[in-house]
Structure formats: C-alpha cells, structure tokens
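Structure record follows, encoded as structure tokens.
Any read-out appearing in this document is the output of simple, stated calculations on the displayed coordinates, not a laboratory observation. For clarity, every value in this text was computed on a predicted model and none was experimentally measured. Note: ideal-geometry Cβ built from the backbone for every residue, glycine included; neighbour counts use all protein chains shown.
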Amino acid sequence: MRKALERRIQTGKLRQLPSLGTFTNDSTKHALPTGKVVDFSSNDYLGLAHSTTQHKLVQRTYNDLFAERPHDETEAPYATRAVLGATGSRLLSGDSGMFHDLESKLALLHRREAALLCNSGYDANLTMVSCLPCRIIVYDEYIHNSLHMGIRLWQQQSLTNSAADQQSTLRKQTFSFRHNNVEDLRSVLDSIVQDAPEIVILAESVYSMDGDVAPLHSLLDVALECNASVVVDEAHGLGVFGFRGLGVLSKEHQTLNSHPALLASIYTFGKAAGCHGAVICGSTILKSYLLNFGYPVIYSTSLPMHSLVSIDCAYDTMASTRGDSLRTHLFQLVQVFRSLLLSALNLHGASRTDLALSPSTSPIQALLIPGNATCAAICDTVHQLSRQQLRLYPIKSPTVPVGQERIRIVLHSHNCTSEVQWLVQLLTQALQSHGLLKTGPSSILAKL
C-alpha cells in the first residue's frame, strides 16, 4: 500500500480529503474557514440539501408518520414506531409499505411500469449492469466509474446458452463509442455481427465531468434500428432538466420514457434531490429480475425510513412550482457565468491553447487546465484570494484522462449573481498570477 501511495505522490495523482491539506503535494495545511463558504463545487443543484425549508418539510413529514398511532396497530400505514435503521435487506426485515408506495409514485412520475429503490446511485448502477442477461455491452467512452465497475462484475458472471449446451459459456464482449457521437455508435453497432443477440447500450443523460447533455432521442432511435436496448443514468439530469425536473428523458409534450429501446432509467438522489439513494425505473419483469439476480440490492441493508421520507419530499419539491422557480434562477446563473468568463478569457487572451471552457449548458461547467499540478495550484490560489471562503476542486488524472484535467465548477440555485461575478473575478486573477492569462486592465473586472 505504501509503495502504491508513493507512486501516486510522485506522479501528482494522490487523492486526499480536502480538509486534510491542499491539493498540491507540499506540506502546507489549510484550516477550515470559520465564516460563510460559497458553494461552487457540490452537486446540490437546487439547494435542497442546504435548504432549511426543505429540512423542515422532511422533519415535519417524518414526525407526522409517528405522531398519532391508531389504537389498532394493523391500521398503521408503515410502522408502529420510528426506527433508526431498516434492520435488514428488502427481502428480509427491511421492507415496508412505504417502500412500495414510494416506488409506485416514482414509477408513475417517470412513466414506467415499476421502480426499485437502491441505497445509492453507485449501488443502482452495479445492480443494473452486473446482471444484464446480454452478450454485448456498448458504452459511451465517458460513462461513470460505477457503470465500468458494473461491466467488470458482469464480465465475471457466466452466461449459459440454454438453446445449446447448458455447460457452455458464451463469450461476452464490450465496445465503446466516441462521447455523445451517435454516428460512431451506429458504426460500432454495424460492426458487430448482425445476428448477435441482446446488445445493451450504456449512456448518461448529463455527464458529470463535462456537463454536456446526451442526444438521447437519436441514441434511442439508433438502438431501436439495431435491435439494442439502452440503460440511461440520469444522475445529473434529475431535478435540473425536463418537465417538472424529472430528467432529460422527460419532456412536457414528448417523453422518451416510453421509447421501445429504453430498458431502464436510473435516478440518483444525492445530487439535485439533496438526499440519498437511487431508483431504477423499468418494467415489472426488470424489477423482478433485479430482485433475483441484482446482488447489491439483494444483499444490502435497505434504506431507513427517514431516507424514504426525504426522497418523497424531494420529489414533491422538485416537481412543484418552487422547483420550476429554482431551475429558472439556476439557468440564469449559468448564462451569467459563461458570459462573464468567456468575455474575460477572450479579453485577456490565454497563453496556452489548451485552456478552455467546456461548451456546457448545464450547471456543470468545466474549465480545462491540463496538468495536475497547474490545475491544483489554480484552485489553491482561488482559495487564498477568497480568504478561504471559496473552494474549487481540481479534477485530476486518473479521474480524467491525462491532458484533460480541469476545474469542475458547479452553479446552484442557492448562488446569487454577485457570487458568480466574484467567482469569475477570482478565477481571472488566479489565471493571471500563474501566467495562463495575459495581465493588464480589464473592463470585465472593472464591472465586477
């Protein structure tokens, strides 16, 4: 272990908890700030995790479940008393009526036959992918680590050909296609033997490192033409995009949830929903299959009651007029940030051609600054200039490919315009101090 960590330190790839030190490899330590910290890093897009209003709603709803119990305990809707933990897996003591009610609600909202709650987005992706009954998986080259780990588990599972020798195993294959490139996906599918059965395509609706939105309609149409099924991870789409914030697959007059090529959609609650857990939405057959062959959900202790209440309340807020207002403000801030930073970059002129802002319209904005050390140094400088009130995080290799290191900037509905202006000012000053932008008077900074 020591040697592996030493190699990470030598190559500038060591991961550390932020509170334990800087992002550079020196020994300087940063104390945690005592004043207000401006959030431009978390995935709390709608601010629900920070919201006292949301917190009060969850607590009130949770308390109401147990405030007045009926004399006949058989009439109790979920449980006769509050419990801290679920006490077991769903298939043992960890199930409850509230699980079934919430899953029915989520299936209805996402326009699918059934839904299956999981402990996290990572668990949901492992559950879904690891037991896929297919011979071939085709995936976008930028899919999340949890999907890659699901593929690894899937590759270890034997797949018997029931039509032939029960003891023989069929060779599993994986193929990747260029990021968000539907034509390359078509080319990959065309290159696969035409009679190859059960092809599953893995994609995300919004990609966490670049913030770009996948062309899901075209992707699903190509899959249908090639007799393939699609699994879509909506981790960063839920709460932000679509009708009532229900994800990229959901639109007011045109929903992709009923597309015949869509096998499953996965929604994670640790981002815009501001809580924890995830749900896999699909057919009733899929749900039954996962409860029999999806080991992560079979063998994990289920979510506690308080988490179920938090998820229920999060959907109520995300799909309300309040949720619409939060999204409107959020995308206004996205426009402000992009306009100001692009103006600053164009005005000063970058000293490196590889310094660029990703073409994202989502709350996730990536400022590409290749090189682990340089990227980390910019984040440290911003932290110092802000007097420890603003912390940005470098995304270093191997999390992203070498040469694609970046600062991942996330905008939220709990941010305000003045905070975004301050962020751009600090970024510009930090880039100038490290020689990545030319110095000189700036009309942009003067306006800030």
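Take every DSSP beta bridge with both residues inside the range 67-318 and express the antiparallel ones as a percent of the total, to the nearest 5. Walk me through the numbers before you get to the answer.
Working: 11 of 30 bridges.
Close to 35 percent.
Post the alpha-carbon centroid distance, the range 236-257 to the range 102-139, in whole angstrom.
17
How many nm separate the modelled label positions at A319 and N346, each set 7 Å beyond the Cα in the direction of the Cβ?
Here the modelled spin labels are 4.2 nm apart.
How many angstrom lie between the Cα centre of the range 396-441 and the Cα centre of the range 175-224?
31
So how far apart, in nm, are the two label points at I192 and A356 if each is 7 Å from Cα heading toward Cβ?
3.0
Using square roots of five times the C-alpha gyration tensor eigenvalues, list the equivalent-ellipsoid semi-axes of the range 67-318 in whole Å, biggest first.
Those come to 33, 22, 15 Å.
In the structure displayed, which of K36/K56; K13/K172; K105/K251 lie more than 24 Å apart, Cα to Cα?
Details: K36/K56 22 Å; K13/K172 32 Å; K105/K251 18 Å.
Long pairs (Cα-Cα over 24 Å): K13/K172.
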